[in-house]
Each structure stands twice: as structure tokens, then as C-alpha cells.
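Taking it in order: structure first as C-alpha cells, then the write-up.
The values are calculated or read from the model by the stated rules, or taken from the named source; none is laboratory data. In this text, all values refer to a predicted model and were calculated from it rather than measured experimentally. Here the Cβ positions follow ideal geometry from the backbone for every residue, glycine too, while neighbour counts run over all protein chains shown.
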Amino acid sequence: QNNGKKRTLARIFERFYSSDKENVSKTSGSGIGLSLTKELVELYKGEITVKSTPGKGSLFTVVLPLHPEQEAKEPGDFYQEELLFSPASLTDESEAGEHPNDPDLPIVLIIDDNPEIRSFLRLLLQKEYQILEAENGQEGLKIAKQEIPDIILCDVMMPGLEGFAVTQRLKNEELTSHIPILMLTARTAADQQIMGLQSGADDYITKPFNAAVLALKIRNALARKQVLKAYLQNNPGNETDQKFIHKLNEIIDNHLEKPDFGHEELSRLIYMSKSQIYRKVHAVTNQTVHEYIRNRRLMKARELLKKGTHKISEVAYLTGFYDHAQFTRSFKKNYSISPSEFMKSEQGA
């Protein structure tokens, strides 16, 4: 029994139905509770009814036969793939958790206020990914900024900060703007999906979801991210990433003459932890911080050599190389031509 507002009784057992008078964004749950209860009761030859009194609440009555006419099916037979998840899959931790702590696996952040859904997603995905969890939008924002995951699964309907707002903030945040976000929702209406995509979400997954489809969508999102990295190295994909790369280049250029300028000093100057800047730079450019700084030095050296106004030893000094020999080795390895040969080719052009 509850003492909530009057409900539309004719539709109360429909999956994902919620009264227009209820503020669904402030309630917790997956939207399948009453429908799933009805299906379970009927599976055991029972009956569920509801009586509602306006202003007082609703009374649900479940009647089950003492001796069912036939043996109930196994739970695994009842929960088909089109339902939210299979309870059997939640108990098979030994198989699903084969590599739960492998630091080389991509990181998935799950933001959902429903602990059962988080548990299901964790057990479904932890063979292939490192899993982080947040039970609300605010916690999700905090973890996303601290850990810089490779992909985020975010529920739409959560108490407090809902999924649309979480997605919008993450996409406008310098640290997290590059992260693919898949929204999880029980709402199938087109306008809801449009709102999610407008907030910056990369894809939409509706509940009840098929586990295989979810896994493929995650893999595809990460694959698209990898394909874009080469392009994003020189053409950051959104305004926030462009600002980040511009700031990064500006800091490196201002310290170009310092041979010992590296990861630690860069993270301090850009106000990020070493792990945060590593994951951000790698996500946007497909390079480590060390590789990015070295390649920035070589690009600037190439520009100076092309102008022809400095000797090779001077260019090496101006771009932070310890000596002429080190500079020559690095330049030739990167451009397949020595600095002197490059200068000659430019002068003859």
C-alpha cells in the first residue's frame, strides 16, 4: 500500500507508464516494477489487483494459489533478452569477473540511481572493461572529472541532477568533453531522445535493453573514438577540445627552451593531476604527454629550419634539445630526413 497521488488504474501495469501528474524526474527506479510484478504473479497462476482512493493512496493485492497447477518455469526461461536483465546473469560473478582489475582495460563509468541496474551492467561488462559506478548525477560528474573514463553510461531519470544535465555539463567541461556518453532510458518517445542528443549524448539505449546490443554499442562508440583520434590530433572535434589544445600548445611553447620541461610541470601549469592530463591528452590526440611535448618541439624546430634564419645548433637549443646530436636523431626519426638535408631541400625549393 502507498499514500501517493491518484494513478490511472487502466494503465498502471504497463511497462514504463507514469502518471502525468507525477514528477518522474524526482523518483527512483527503472519504470518496470509493477509490470514485472504482474508478469511474475501471472507466471505462478496468481492475480494482482489494485484499488485506489484519491488523496489516500493505492492498495495492491496479490493472490497466489496454494498448489500451482503446473510447475513454474526456471527464472532463466522467464526473463527473456527483451527484459531489463536476467537475474541469472547477476549471480555468475566468477565468469564475468575474470579480469575486473586489469589497468589496461578501457574504463566505463556507470551513472544510475538503481543499484540493481548498476550491478547488472558491472557484471555484464567487467570482463572487457574497468568499471566505475556513481549512484547520482553529482557523484557521476565528480568521478568523471577525477578518473577521465573512456566511456560513460548515464541514466536519464535520476533524482536531483538528471541525465540530460549531467551530459550537458560533461560535454562542456574541458576535462570530459571528449568522452562518449550513452544514455540509458525507459522513455522511448522521440522528443526524449532528441533532448538527450541535443545535450551532447553520443547514443541512446532504451530499457529494456538487449545485453548484446548494449555491448556492441559500447564497442562501436569506443571504435569511433579511436578512428577519430588521428584526425583530432590536428583538428580537435569540438570547441572545448580546441580550447584545451590551444592552452596546451601555448604552455608548451612558452617553455620550449627548457629541456627538462615535461609531464609534471605541464600538469601543474594546466591545473590538472598527472593522471587527468595523461588521459585527456591521450584521448584527444592519441599520444602520451611525453610524445605530444616531443612532437611539439619537433614541429616548432621544423618551422624554424624552414625559415632558414637559424643554425641547426641554435634551433636545437631554442626547442629544448640537450645537444645537436640528440636533436638530429629525434628529427630524423620523426621526419625520415636529417635537419641539414631538410634545410637544403627547403633552400632549393
Original post:
In the stretch 198-243, how many residues are of a type in the set (Gly, Ala, Ser), at pLDDT 75 or above and not in a loop (DSSP other than H, G, I, E, B)?
Top reply: 5
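Restricting to the stretch 313-334, give me the number of residues that are in contact (Cβ under 8 Å) with a residue 24 or more places away in the chain and more than 19 Å from residue 296 (Cβ to Cβ).
Residues flagged as in contact (Cβ under 8 Å) with a residue 24 or more places away in the chain and more than 19 Å from residue 296 (Cβ to Cβ) within the stretch 313-334 amount to 0.
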Subject >> When residues of the stretch 113-134 are limited to those that are over 23 Å from residue 174 (Cα atoms) and touching a Lys or Arg at 6+ places or on another chain (Cβ under 9 Å), the one modelled with the lowest pLDDT >> reply: 117
Subject >> In the stretch 252-297, residue farthest from residue 103 (Cα to Cα) [restricted to those that are more than 28 Å from the chain's Cα centre (by Cα) and aliphatic (A, V, I, L, M)] >> reply: 256
Original post:
In the list 277, 337, 251, which residue meets the criterion of being out of contact with any strand residue (DSSP E or B) (no Cβ under 7 Å at 6 or more places or on another chain), without any contact (Cβ under 8 Å) to a residue 24 or more places away in the chain, assigned to a loop (DSSP other than H, G, I, E, B) and not acidic (Asp, Glu)?
Top reply: 337
Original post:
Has the stretch 138-154 got any residue that is surrounded by fewer than 18 Cβ atoms within 10 Å (Cβ to Cβ) and part of a loop (DSSP other than H, G, I, E, B)?
Top reply: no
Subject >> Any chance residue 261 is touching a residue at least 24 places away in the same chain (Cβ under 8 Å) and closer than 24 Å to residue 174 by Cβ >> reply: yes
**OP:** Report yes if some residue within the stretch 320-335 is charged (D, E, K, R), in contact with a helix residue (DSSP H, G or I) (Cβ under 8 Å, 6 or more places away or on another chain) and closer than 28 Å to residue 223 by Cβ; otherwise report no.
**Re:** no
Original post:
Which of the residues belonging to the stretch 299-312 are more than 18 Å from residue 259 (Cβ to Cβ), free of Cβ contacts under 8 Å to residues at least 24 places away in the same chain and assigned to a helix (DSSP H, G or I)?
Top reply: 303, 307
Subject >> Qualifying residue in the stretch 335-347 (condition: in contact with a Gly (Cβ under 6 Å, 6 or more places away or on another chain) and surrounded by 14 or more Cβ atoms within 10 Å (Cβ to Cβ)) >> reply: no
